[in-house]
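To start, the structure itself, in structure tokens.
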Amino acid sequence: MARCDLTELDTTACAHCLGHTDPETETKRERARLLNSGRWFPAQFPGTCEHCGQRFEPGTAIRMEIPSGWRAECCAEPAR
């Protein structure tokens, strides 16, 4: 049975060895993908996603959808 050098877990049960990343890293990666698409930009001020009503903070990826209002990264289309 092989063990992970970082976590000491069996490599078949170790998220590190299986290539999984923590949720915070995934969120940052998804935000960067949106911001690099050219259609989204970082919020300057807090606001509300008009699509679902969830609050967002400065730095959140947002875009304007006319006439409905701001759409935040919480309601971005899934990556294809």
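The values are calculated or read from the model by the stated rules, or taken from the named source; none is laboratory data. Given the structure is predicted, the values throughout are model-derived calculations rather than measurements. Cβ: placed from backbone, ideal geometry, glycine included. Neighbour counts: every protein chain shown. We work out accessible area using only protein heavy atoms, side chains counted, and drop any ligands, DNA or RNA first. Shrake-Rupley method; radii C 1.70, N 1.55, O 1.52, S 1.80 Å.
A few notes on this one:
- Number of the exception - THR21 against (1) β-branched (Val, Ile, Thr); (2) at pLDDT below 85; (3) under 18 Å from CYS75 (Cα atoms): (3)
- Candidates in region 47-80 are the residues that are charged (D, E, K, R) and open to solvent by less than 70 Å² (accessible area, probe 1.4 Å); of these, the one that is modelled with the lowest pLDDT is GLU77.
- Output for region 14-37, where each listed residue is open to solvent by less than 70 Å² (accessible area, probe 1.4 Å) and either without any contact (Cβ under 8 Å) to a residue 24 or more places away in the chain or assigned to a strand (DSSP E or B) (or both): CYS14, ALA15, CYS17, GLY19, THR21, THR25, THR27, ALA32, SER37
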